[in-house]
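What follows is a single structure, written as structure tokens, with notes after it.
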């Protein structure tokens, strides 16, 4: 990462930090057995970003704190097994999955990642950031079984926040790219879910109005084929389910983001063509390749991937996440909490 | 069939809503017994509740067949 690029990342993270400071939000970190988590929690607390809540077995959290060289005094640490909220959470869990016994539910929610999810569901924490020591599948499972999916959404997906150092005369231009990490070959319905969830994420993270482009190798029927058809089907579903969202397609990438090209290729009126800031790729091949090419060829900052589609913000870290990655992810996830006003 | 084996098979049958008779030691939870990913976490919790044990999440992920579950849980008892 170049110096300029690091600065670009810095500035957008600072904007989010300012947005969430003073709102007294809390982030639950269920992997308190990991020293990186303790260090990140310490930084989140010291910088006044949010209230960190560390979960884990007391003896493991203490050992991790010792390894990180951090004093836990003044930090909220909860051992789910001893929590007085366990029965309430178990009851809430049974409420959603009635064929499970209270005893089994209690076992479920005493697992830290599930306990953390129940805290968010119950409003005892605002967001959960996990995955430094758990598989992505576990975090998705825990999110789905606790906070559940957002209304009207049936698919968990992911996005990257891409910061382009120089784009058509603009500096540090942010884009949302999705899905670049989770759904391999989404159906039209899943693609529609990805577009709607991305629109929602963009609303929280971008200063400009989200303009969602459904990308393809074809622009307005310029080339036919099953994949372009799928993108069009997805567009129809989004328009029906989220009529207020500025979404259009199918567009080639240039028609989506370059006004000059859009003027030539998209003859009818469009609120998106040539000015899209949310790019929805037809499948994981396209999405993953696009984000990596943008990252390296345009020297862009790729922040993510972040999960989306849950009823409340849940983030998945990569196992190799650094302390700074954990803090950054926490800040962006907290920025997704809707303001009270 | 040992007592542990019988109880494990009953828990699997109850959680996955299948017949005990369908299971052999080689039966894989996901491929053969049709466990969805959500059910596999609940299956671990159901084993913990039945035997009052604690299964490590990562280790539990490696328990993919009925036979492995019997072996793994027997060691914890």
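Condition check: under 23 Å from residue A:234 (Cα atoms), surrounded by 17 or more Cβ atoms within 10 Å (Cβ to Cβ) and out of contact with any helix residue (DSSP H, G or I) (no Cβ under 9 Å at 6 or more places or on another chain). Does residue A:197 satisfy that? Yes, satisfied.
Only one residue in B:18, B:38 is touching a helix residue (DSSP H, G or I) at 6+ places or on another chain (Cβ under 8 Å) and modelled with pLDDT of 90 or more. Which one?
Details: B:38 fails: modelled with pLDDT of 90 or more.
So the residue among B:18, B:38 that is touching a helix residue (DSSP H, G or I) at 6+ places or on another chain (Cβ under 8 Å) and modelled with pLDDT of 90 or more is B:18.
Set side by side, the residues A:40, A:91, A:73 differ, and just one is in contact with a helix residue (DSSP H, G or I) (Cβ under 8 Å, 6 or more places away or on another chain), free of Cβ contacts under 8 Å to residues at least 24 places away in the same chain and away from every other protein chain (no Cβ under 13 Å), which is A:91. Applying the criterion of being more than 24 Å from residue B:1 (Cα to Cα) and in contact with a helix residue (DSSP H, G or I) (Cβ under 8 Å, 6 or more places away or on another chain) to the residues of region B:43-60, the residue that is modelled with the lowest pLDDT is B:57. Taken over region A:117-144, the criterion of being touching a strand residue (DSSP E or B) at 6+ places or on another chain (Cβ under 9 Å), at the interface with chain B (Cβ under 9 Å from one of its Cβ atoms) and in a helix (DSSP H, G or I) is satisfied by A:138, A:140, A:142, A:144.
Do any helices (runs of 4 or more DSSP H) lying entirely in region B:32-77 carry at least 1 residues that are facing chain A (nearest Cβ under 9 Å) and surrounded by 13 or more Cβ atoms within 10 Å (Cβ to Cβ), and which ones are they?
Details: elements: B:37-51, B:57-61, B:66-76.
By residue number, B:37-51, B:57-61.
In the set A:63, A:105, A:47, which member is on the phi < 0 side of the Ramachandran plot, over 23 Å from the mean Cα position of the chain (by Cα) and more than 14 Å from chain B (Cβ to nearest Cβ)? Full working, then the answer.
Values: A:105 fails: more than 14 Å from chain B (Cβ to nearest Cβ); A:47 fails: over 23 Å from the mean Cα position of the chain (by Cα).
Matching residue, one of A:63, A:105, A:47: A:63.
Here residue B:18 fulfils each of the conditions (1) without any contact (Cβ under 8 Å) to a residue 40 or more places away in the chain; (2) part of a helix (DSSP H, G or I); (3) more than 10 Å from chain A (Cβ to nearest Cβ) apart from (2).
Among the residues of region A:288-302, is there at least one that is within 11 Å of the chain's Cα centre (by Cα) and either touching a residue at least 24 places away in the same chain (Cβ under 8 Å) or crowded, with 24+ Cβ neighbours inside 10 Å (or both)? Even if it seems obvious, please write down each step before you answer.
The first filter runs over region A:288-302 and keeps only residues within 11 Å of the chain's Cα centre (by Cα), leaving none.
No - not one qualifying residue is present in region A:288-302.
Here region A:245-259 is the region considered, the condition is being out of contact with any helix residue (DSSP H, G or I) (no Cβ under 9 Å at 6 or more places or on another chain) and farther than 12 Å from residue A:215 by Cα, and the residue that is surrounded by the most Cβ atoms within 10 Å (Cβ to Cβ) is A:258.
The values are calculated or read from the model by the stated rules, or taken from the named source; none is laboratory data. On a predicted model such as this, the values are computed, not experimentally measured, just so you know. In this analysis, Cβ positions are derived from the backbone assuming ideal geometry, glycine residues included, and neighbour counts consider all displayed protein chains.
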